[in-house]
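Okay, so here's the structure we're looking at.
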């Protein structure tokens with residue numbers, strides 16, 4: 001037998017202050033359907049999330065195929081092969097359409113596919129162009145489960161699929177489709193690691209694991225899944241997805257753009273620019289706006305916090321989706337407009353400095369927000385208390401710009 | 001007696017600080033009315049400098065504790081992190097508030113965003129506030145401890161920056177009056193009051209941190225007891 005699709009070697013994982021897994025090892029090979037069962041809190045989700053590189057390890061290592069993807073010393077590597085993942089939370093952005101989300105999953109495998117057949121089998125064909133936020137809870141779960149299965153459905157090479165409680169919220173027809181898909185994909189050589197309590201899912205396992213030991217089950221399926229994907233290399237995926245999120249949600253305008261408009265309004269209310277003669281004040285007013293826009297933070301990070309989408313992405317890529325062009329674009333527009341409003345002329349040197357200010361402040365806020373992403377409640381962590389570190393550099397830049 | 005040492009240190013520290021304030025108002029000499037805009041306000045110096053000294057001790061403890069937790073998962077390290085951040089916040093706020101009061105009287109403005117010393121110390125205080133408030137907003141666990149200890153380690157870079165800032169970029173904050181790079185000296189009785197105050201604040205902060213570590217320890221024991229109850 002060749003390399004296992006997944007090898008967990010001697011894992012020790014803590015959640016909270018408790019040790020949930022201690023010396024846990026497990027292999028998933030091509031053609032395996034390993035179902036983890038056990039009472040709530042026994043560590044099923046911890047196994048899946050550790051295998052997906054989402055949890056730090058106290059001991060041991062996780063291997064996808066022959067690639068060590070994470071170990072207890074914090075080393076992280078991208079899996080050499082794409083894998084499927086469905087978390088307990090759906091991990092999807094509400095403003096994405098069903099089609100867009102599933103095609104993004106295909107793009108992570110450098111592939112594309114006609115999804116009509118599989119959407120029909122889950123009763124979602126008529127919903128493919130709808131936003132995920134407009135679907136019912138059960139329909140959202142179907143999309144999340146399909147996103148987990150897709151890397152195997154489109155590939156003729158064996159893929160690892162990890163599903164955490166995939167049956168939650170699914171009706172009987174959807175569960176029947178899911179079990180049928182699992183059986184066909186298993187026959188095609190893909191490997192599954194599933195956490196579930198559902199009797200139908202337990203019945204389709206080849207190995208039942210209760211985190212202490214496992215028992216084998218015989219399956220007699222004979223239908224083999226035919227891969228539906230075609231090669232389609234996806235370049236700059238994180239950037240393209242980040243900008244698509246921006247287009248769909250308008251979060252950049254809602255957060256950063258409106259902040260800029262409000263700051264301009266306040267400055268115009270407080271000061272009559274035509275009566276201000278001090279160049280330092282005038283330049284300060286111009287550069288205050290891109291600074292405030294940048295301090296509003298990266299809108300993509302804000303969007304990714306919806307339903308643990310950020311964790312789903314962290315599992316799959318090293319570079320999270322990012323709207324890279326938003327910073328420079330907003331920088332040029334906001335500084336250029338403020339230059340016209342407060343100075344009555346377009347100063348390109350200020351536009352350049354303002355763009356740099358906006359980009360740097362946006363990047364800094366993104367960095368500190370992502371630094372707290374592992375917290376249980378990242379939105380409650382007061383990270384903005386650290387933002388004043390940027391005021392002194394901003395002040396020095398204003399001083400410099402006023403001397404130009 | 002050993003079990004009561006935090007209380008003894010806190011009491012001695014409070015008594016020492018009260019004595020420092022008495023000496024500052026009644027014994028330390030006045031400064032030249034020509035050298036200062038507001039000579040009377042200068043007496044806040046006897047509160048400001050010792051509390052800054054205590055804050056730097058607290059931030060050092062925070063750094064040591066953060067490092068011990070992050071690299072060794074040492075529970076003593078986490079207690080030091082908690083104690084250092086709380087003491088750093090308390091002393092940092094004392095320094096910033098007293099500095100703002102003096103700045104208003106002497107400079108005519110409580111704060112100057114272009115001064116490196118003011119900024120670096122203000123940021124250290126904000127970092128301590130972030131660590132204290134942020135930690136209280138999260139359930140205790142390795143994820144919480146890892147994240148905040150990382151900030152505790154990175155934030156320590158501000159301590160040497162704070163130390164050297166008035167030696168390299170003196171903008172508005174007065175330069176040092178002692179140690180390497182000092183610009184001048186102060187009167188012997190003034191020096192005595194400052195050093196006495198520094199000793200008093202050191203005792204206070206040591207007692208505060210020991211008390212904080214004891215509370216953290218009790219919180220952890222309480223949580224373990226609750227978990228046992230949960231398990232029936």
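Structural remarks
- Selection within segment A:185-195 - surrounded by fewer than 20 Cβ atoms within 10 Å (Cβ to Cβ) and in a helix (DSSP H, G or I): A:187
- Residue within segment B:215-231 that is at pLDDT below 80 and in a loop (DSSP other than H, G, I, E, B) present: yes
- Residues of segment A:13-46 classified as closer than 22 Å to residue A:160 by Cα and within 14 Å of chain B (Cβ to nearest Cβ), total: 3
- Scan of segment B:117-145 for residues that are more than 18 Å from residue B:90 (Cα to Cα) and within 7 Å of another protein chain (Cβ to nearest Cβ), ordered by number: B:137, B:138, B:139, B:140, B:141, B:142, B:143, B:144
- In segment A:91-117, the residues that are at pLDDT 90 or above and within 19 Å of residue A:160 (Cα to Cα): A:102, A:103, A:104, A:105, A:106, A:107, A:108, A:109, A:110, A:111, A:112, A:113
Per-residue answers, yes or no, for (1) assigned to a helix (DSSP H, G or I); (2) out of contact with any strand residue (DSSP E or B) (no Cβ under 6 Å at 6 or more places or on another chain); (3) closer than 15 Å to residue A:82 by Cβ:
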| residue | (1), (2), (3) |
| --- | --- |
| A:102 | yes, yes, yes |
| A:143 | yes, yes, no |
| A:148 | yes, no, yes |
| A:152 | yes, no, yes |
| A:162 | no, no, yes |
| A:174 | yes, yes, no |
| A:183 | yes, yes, no |
| A:197 | no, yes, no |
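- Only one of the numbered conditions (1) under 19 Å from the mean Cα position of the chain (by Cα); (2) more than 8 Å from chain A (Cβ to nearest Cβ); (3) closer than 23 Å to residue B:167 by Cα is not met by residue B:112, and that is (1).
- Under the condition of being more than 14 Å from residue A:267 (Cβ to Cβ) and touching a residue at least 12 places away in the same chain (Cβ under 8 Å), the residues counted in segment A:329-343 number 4.
Residues are listed down the side, and each one gets a yes or a no for (1) crowded, with 20+ Cβ neighbours inside 10 Å; (2) within 19 Å of residue B:123 (Cα to Cα):
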| position | (1), (2) |
| --- | --- |
| B:17 | yes, no |
| B:21 | no, no |
| B:46 | yes, no |
| B:58 | yes, yes |
| B:66 | yes, yes |
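- Subset of segment A:38-48 that is touching a strand residue (DSSP E or B) at 6+ places or on another chain (Cβ under 9 Å) and free of Cβ contacts under 8 Å to residues at least 40 places away in the same chain - its residue that is surrounded by the fewest Cβ atoms within 10 Å (Cβ to Cβ): A:41
- The residues of segment A:367-386 that are facing chain B (nearest Cβ under 9 Å), assigned to a helix (DSSP H, G or I) and in contact with a helix residue (DSSP H, G or I) (Cβ under 6 Å, 6 or more places away or on another chain), listed by number, are A:368, A:383, A:385, A:386.
- Some residue of segment B:52-62 being part of a loop (DSSP other than H, G, I, E, B) and out of contact with any strand residue (DSSP E or B) (no Cβ under 9 Å at 6 or more places or on another chain): no
- Of all residues in segment B:146-182 being more than 11 Å from every other protein chain (Cβ to nearest Cβ) and at pLDDT 90 or above, the one that is nearest to the chain's Cα centre (by Cα): B:152
Results for (1) within 30 Å of residue A:178 (Cβ to Cβ); (2) in contact with a helix residue (DSSP H, G or I) (Cβ under 9 Å, 6 or more places away or on another chain); (3) touching a residue at least 24 places away in the same chain (Cβ under 8 Å), shown as yes or no for each residue.
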{"residue": "A:225", "(1), (2), (3)": "yes, yes, yes"}
{"residue": "A:234", "(1), (2), (3)": "yes, yes, yes"}
{"residue": "A:237", "(1), (2), (3)": "yes, yes, yes"}
{"residue": "A:243", "(1), (2), (3)": "no, yes, yes"}
{"residue": "A:253", "(1), (2), (3)": "no, yes, no"}
{"residue": "A:258", "(1), (2), (3)": "no, no, no"}
{"residue": "A:263", "(1), (2), (3)": "no, yes, yes"}
{"residue": "A:267", "(1), (2), (3)": "no, yes, yes"}
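- Check on residue A:322, assigned to a loop (DSSP other than H, G, I, E, B) and within 15 Å of residue A:362 (Cβ to Cβ): yes
- Test: residue A:309 is in contact (Cβ under 8 Å) with a residue 24 or more places away in the chain, in the same structural domain as residue A:251 (by TED's automatic domain parsing), more than 24 Å from residue A:385 (Cα to Cα) and assigned to a helix (DSSP H, G or I): yes
- Candidate set from segment B:91-109 (those that are surrounded by fewer than 21 Cβ atoms within 10 Å (Cβ to Cβ) and within 17 Å of residue B:56 (Cα to Cα)); member that is nearest to the other protein chains (Cβ to nearest Cβ): B:93
- Selected residue (only one of A:80, A:61 is assigned to a loop (DSSP other than H, G, I, E, B) and either touching a strand residue (DSSP E or B) at 6+ places or on another chain (Cβ under 8 Å) or surrounded by 20 or more Cβ atoms within 10 Å (Cβ to Cβ) (or both)): A:80
- Of all residues in segment A:237-277, those that are on the phi < 0 side of the Ramachandran plot and outside any helix (DSSP H, G or I) total 4.
- Residue in segment A:334-347 that is under 30 Å from the mean Cα position of the chain (by Cα), assigned to a helix (DSSP H, G or I), at negative phi and more than 12 Å from every other protein chain (Cβ to nearest Cβ) present: yes
- All positions within segment A:278-304 that are over 25 Å from residue A:382 (Cα atoms) and part of a helix (DSSP H, G or I): A:279, A:280, A:281, A:282, A:283, A:284, A:285, A:286, A:287
The values are calculated or read from the model by the stated rules, or taken from the named source; none is laboratory data. Everything numeric here is computed off the predicted structure, so don't read it as measured data. Because the Cβ atoms are built from the backbone with ideal geometry, glycine has one as well, and the counts that use them run over all protein chains shown.
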